[in-house]
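Down below is the structure, laid out as structure tokens.
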Amino acid sequence: MSEITPKVLDVRPILRSGGEPFQAIMQAVQDLRPGQALTLLATFRPQPLFRVMEGRGFDHEAREIDGGDWEVRFTPKKETVPVETSVDADRPETWPDPSKHLDLTDLDPPEPMVRILAAAEALEPGEVLFAVLAREPLFLFPELSKRGHQWAGNFDETGSAYRILVRIGEA
């Protein structure tokens with residue numbers, strides 16, 4: 001099996017112009033294929049980002065390159081990522097079995113988010129939706145919270161699919 005070429009993101013122009021590259025970095029992470037690494041080029045050692053990326057299931061290696069810039073390689077961790085939950089999701093293991101199942105692994109963003117939100121609208125409060133996606137739906141989480149829904153999710157054992165349970169909140 002051949003290794004997937006890492007995605008390279010150079011945020012130095014954004015930083016040099018006084019911009020904030022966090023959204024661009026998170027979009028790059030969202031666009032990664034399962035098992036793909038991200039090589040980030042920055043004007044400084046992005047220490048705060050290390051913890052954020054660790055929470056998303058990535059290890060990192062950082063090295064200073066020419067001119068004081070930094071290259072950081074974020075690689076997916078091999079072990080299973082623990083289940084993440086929305087702030088208000090008390091004990092997802094006690095939720096009812098899903099009443100709706102969606103396989104969205106063959107769709108590109110934002111289609112999985114659109115379909116999950118549409119399916120959630122058709123369910124009754126307390127019902128649970130289960131979906132499988134090709135990547136972690138970072139932009140879906142705040143939308144679910146805004147609508148009063150709870151969620152729990154993680155990558156499968158291979159790291160190639162993200163599984164999410166969505167419990168429908170009160171209207």
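The values are calculated or read from the model by the stated rules, or taken from the named source; none is laboratory data. Model, not experiment: these values are computed from the prediction. Counting neighbours? That spans all protein chains shown, and the Cβs are built from the backbone with ideal geometry, glycine included. Ligands, DNA and RNA are excluded from the accessible area calculation, which covers all protein heavy atoms including side chains. Shrake-Rupley method; radii C 1.70, N 1.55, O 1.52, S 1.80 Å.
Give the residues of the stretch 104-139 that are among the small types (Gly, Ala, Ser) and either surrounded by fewer than 16 Cβ atoms within 10 Å (Cβ to Cβ) or farther than 19 Å from residue 85 by Cβ (or both), sorted by residue number. Those that are among the small types (Gly, Ala, Ser) and either surrounded by fewer than 16 Cβ atoms within 10 Å (Cβ to Cβ) or farther than 19 Å from residue 85 by Cβ (or both): 118, 119, 122, 126, 134.
Counting only residues that are among the small types (Gly, Ala, Ser) and outside any loop (DSSP other than H, G, I, E, B), the stretch 126-139 holds 1 of them.
Looking only at residues in the stretch 52-68 that are closer than 18 Å to residue 83 by Cβ and part of a loop (DSSP other than H, G, I, E, B), the one that is most open to solvent (accessible area, probe 1.4 Å) is 56.
Looking at the stretch 69-80, which of the residues that are closer than 20 Å to residue 10 by Cβ and among the charged types (D, E, K, R) is least open to solvent (accessible area, probe 1.4 Å)? Filtering first and then ranking leaves 69.
Within the stretch 112-125, if we keep just the residues that are in contact with a strand residue (DSSP E or B) (Cβ under 7 Å, 6 or more places away or on another chain) and either of a type outside the set (A, V, I, L, M) or in a helix (DSSP H, G or I) (or both), the residue that is nearest to residue 28 (Cα to Cα) turns out to be 112. In the set (1) modelled with pLDDT under 90; (2) more than 22 Å from residue 125 (Cα to Cα); (3) out of contact with any strand residue (DSSP E or B) (no Cβ under 7 Å at 6 or more places or on another chain), the condition left unmet by residue 91 is number (2). With respect to residue 21, is the statement that it is touching a strand residue (DSSP E or B) at 6+ places or on another chain (Cβ under 9 Å), open to solvent by less than 100 Å² (accessible area, probe 1.4 Å) and within 26 Å of residue 157 (Cβ to Cβ) true? Criteria not met by residue 21. Of the numbered criteria (1) closer than 13 Å to residue 152 by Cα; (2) without any contact (Cβ under 8 Å) to a residue 60 or more places away in the chain; (3) hydrophobic (A, V, I, L, M, F, W, C), the one residue 72 fails is (1).
Just to check your reading of the model, which residue among 49, 32 is part of a helix (DSSP H, G or I), of a type in the set (A, V, I, L, M, F, W, C) and at pLDDT below 95?
49
If you take the residues in the stretch 140-149 that are hydrophobic (A, V, I, L, M, F, W, C) and touching a helix residue (DSSP H, G or I) at 6+ places or on another chain (Cβ under 8 Å), which one is surrounded by the most Cβ atoms within 10 Å (Cβ to Cβ)? Ranking the qualifying residues of the stretch 140-149, first place goes to 140. Of the residues making up the stretch 35-46, those that are touching a helix residue (DSSP H, G or I) at 6+ places or on another chain (Cβ under 8 Å) and not in a strand (DSSP E or B) are 43, 44.
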